[in-house]
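The values are calculated or read from the model by the stated rules, or taken from the named source; none is laboratory data. Only a predicted model underlies this, so the values are computations on that prediction, with no experimental measurement involved. Quick reminder, even Gly has a Cβ in these numbers, built from the backbone with ideal geometry, and neighbours come from all protein chains shown. Just the protein is used for accessible areas: all its heavy atoms, side chains included, with ligands, DNA and RNA removed. Shrake-Rupley method; radii C 1.70, N 1.55, O 1.52, S 1.80 Å.
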Amino acid sequence: MTPRQVIIIGSGPAGYTAAIYAARANLAPLMISGVQSGGQLMLTTLVENYPGFVDGIMGPELMETMRKQAERFGTVMVSEDATSVDFTRRPFSVRTDDTVHEAQTVIIATGASSKLLGLESERALMGHGVSTCATCDGFFFKDQDIMVVGGGDSALEEALYLARLGRSVTVVHRREALRASKIMQERAFANPKITFIWNAAVEQVSDPAQGKVTAVSLRDLVTGQLTERPVDGLFVAIGHEPNTGIFRGQIDLLPNGYVNVVPGTTQTSVPGVFAAGDVQDHVFRQAVTAAGTGCMAALEAERYLEAHHRG
């Protein structure tokens with residue numbers, strides 16, 4: 001099989017934008033989009049801060065639009081997960097379950113995944129009252145009491161969405177001040193359905209024996225006191241982990257697991273391998289910045305090919 005000019009691993013705003021640019025440059029990109037394509041915006045409701053949409057756009061709709069745009073220009077989509085890569089030889093190889101794909105350049109756009117609390121009870125009740133996605137599961141908690149764990153924008157976005165459906169929403173945060181943007185804080189504080197518990201951590205989720213969430217045990221991080229609060233659902237929104245497992249030992253990663261790129265570029269430690277989006281951005285983590293680095297990665301891949309594999 002003739003190696004492709006570029007393979008894009010992952011989708012979302014970074015991957016789709018890279019595909020659009022690479023396809024329009026006649027690089028005939030292959031996108032290994034993953035079994036669950038579209039990235040984190042597939043789990044988002046109204047996106048109000050992506051330029052060009054005056055009234056906002058639903059996250060899944062935005063991702064579907066990007067996907068169709070990439071396909072329109074000739075991007076080949078493979079709805080499989082990449083299981084391993086080999087960047088030690090050229091052409092580079094990317095393996096899925098039953099196929100090995102080769103390419104002269106690779107763009108990594110695998111994004112990041114939701115962090116969990118790490119409790120056995122949380123794992124036992126995942127999908128049975130515990131969730132990381134309000135837009136996926138909020139429907140099941142209409143007129144019920146819900147708890148959200150976290151203090152950033154994502155936690156407040158979850159809380160505000162759930163407040164439309166639930167009877168009450170309690171936000172639990174480990175500190176006494178939120179990390180979320182001011183506008184998100186103002187919206188949450190102004191919502192009569194949302195209350196806050198400060199300086200607290202989740203110790204236990206009940207009740208795995210019943211196969212559903214009935215209560216959450218909280219530890220006061222100041223006094224150490226344990227209390228139990230009856231709830232019907234627990235939504236965890238405490239951050240994200242970069243999806244870089246298959247790249248360990250192949251490219252340089254930062255201590256926090258994100259891909260290390262040359263500042264101001266998408267270049268990794270391996271010439272010809274580029275990284276775009278949240279997989280290399282632990283600061284901004286926005287759809288628009290992910291799309292921007294997707295554009296950069298495609299342009300840098302094109303320049304690399306011009307210098308090394310054309311003429």
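Just the number, please: percent antiparallel of the DSSP beta bridges in the chain, rounded to the nearest 5.
Details: 25 of 56 bridges.
Just about 45 percent of them are antiparallel.
Shape verdict for the stretch 1-129, please, from the Cα gyration tensor: rounded (a/c under 1.5), prolate (a/b greater than b/c) or oblate. Walk me through the intermediate numbers first.
Details: a/c = 2.66, a/b = 1.24, b/c = 2.15.
Oblate.
Please report the accessible area of Thr265 (heavy atoms, 1.4 Å probe, ligands and nucleic acids excluded) in Å², nearest 10.
Counting only protein heavy atoms, Thr265 exposes about 30 Å² to solvent.
For Lys182, give me every one of the lysines with a C-alpha distance below 18 angstrom, ignoring sequence neighbours fewer than eight places off in its own chain.
none
Can you give the accessible area per residue of the chain, in Å², using a 1.4 Å probe?
Values: 15040 Å² over 311 residues.
Heavy-atom SASA per residue in the chain reads 48 Å².
About the Cα centre of the chain, what is the dipole size in debye to 20, counting +1 per Lys and Arg Cβ and -1 per Asp and Glu Cβ, all else neutral?
Computed about the Cα centre, the dipole is about 440 debye.
As I understand it, the dipole of the chain uses +1 on the Cβ of Lys and Arg and -1 on the Cβ of Asp and Glu, about the Cα centre. Which of Ile194, Ile146, Pro255 lies farthest toward its positive end?
Pro255
Between Met58 and Ala307, what FRET efficiency follows from the Cβ-Cβ distance if R0 is 41 Å, with the result rounded to 0.05? Don't skip to the answer; put the middle values down first.
Numbers: r = 41 Å, r/R0 = 0.99.
Once the sixth-power term is evaluated, E becomes 0.50.
Give me the distance in nm between label points sitting 7 Å out from Cα along the Cα-to-Cβ direction at Gln36 and Glu80, one decimal.
With each label point 7 Å from Cα toward Cβ, the separation is 2.0 nm.
Quick check: the angle from helix 59-72's long axis to the longest principal axis of the chain, C-alpha only, nearest 10 degrees?
10
Along the charge dipole of the stretch 1-160, Cβ charges K/R +1 and D/E -1, which of Thr132, Gly111, Pro29 sits furthest on the positive end?
Pro29
How high is the relative contact order of the chain? Use alpha-carbon pairs under 8 Å, at least six apart in sequence, and give a whole percent.
21
Let me have the 222 nm mean residue ellipticity of the chain computed from DSSP H runs of 4+ only, each contributing -39500 (n - 2.57), with the sum over all residues rounded to the nearest 500.
On the way: 7 runs with 78 residues, N = 311.
So the calculated ellipticity at 222 nm is -7500 deg cm²/dmol.
For the stretch 45-66 and the stretch 176-203, compute the distance between their C-alpha centroids and round to whole Å.
For the stretch 45-66 versus the stretch 176-203, the Cα centre distance is 25 Å.
Does anyone have the angle between helix 12-24 and the longest principal axis of the chain? Alpha-carbon axes, 0 to 90°, nearest 10?
20
Quote the Stokes-Einstein diffusion coefficient, in whole µm² s⁻¹, for the chain, based on the Kirkwood radius over alpha carbon pairs, a temperature of 4 °C and a viscosity of 1.567 mPa s.
Details: Rh = 20.7 Å.
Taking Rh from Cα pairs, D becomes 63 µm²/s.
Give the cysteines in the chain for which no other Cys Cβ lies under 4.7 Å away, or write none if there are none.
Cys295
Just name one of Gly233, Ile246, Val205: the one whose Cα is farthest towards the positive end of the charge dipole of the chain (beta-carbon charges, Lys/Arg +1, Asp/Glu -1).
Ile246
Based on the mean of other beta carbon atoms within 10 Å per residue, what is the order of 2-12, 142-152, most packed first? Intermediate values should be presented prior to the final figure.
Numbers: 2-12: 24.8, 142-152: 20.9.
Answer by packing, highest mean first, reads 2-12, 142-152.
Express in nm, to one decimal, how much length is gained between Arg24 and Asp98 on full extension, taking 0.36 nm for each residue of separation and deducting their alpha carbon distance.
Answer, rounded to one decimal: 23.7 nm.
Run the simple label-point estimate for Lys182 and Asp220 please: 7 Å along Cα→C-beta, distance reported in nm.
A separation of 3.2 nm, rounded to one decimal place.
Over the stretch 72-126, what is the relative contact order in whole percent, taking alpha-carbon pairs under 8 Å and six or more residues apart?
20
Counting other Cβ atoms within 10 Å, which trypsin sites (Lys or Arg not before Pro) in the stretch 24-108 have at most 11 and lie in a DSSP loop?
For trypsin sites (Lys or Arg not before Pro) across the stretch 24-108 that sit outside H, G, I, E and B with at most 11 neighbouring Cβ atoms in 10 Å, the list reads Arg89.
With the contact rule set at Cα under 8 Å and sequence spacing of 6 or more, what percent relative contact order holds for the stretch 216-281? Don't jump to the answer; show the numbers that get you there.
Details: 64 pairs, mean separation 13.6, N = 66.
Rounded, it is 21 percent for the stretch 216-281.
Leaving out ligands, DNA and RNA, and with a 1.4 Å probe, what % of the accessible surface on the stretch 207-290 is carbon or sulfur? Please list the in-between numbers first.
On the way: 2080 of 4100 Å².
In the stretch 207-290, the share of accessible area belonging to carbon and sulfur is 51 percent.
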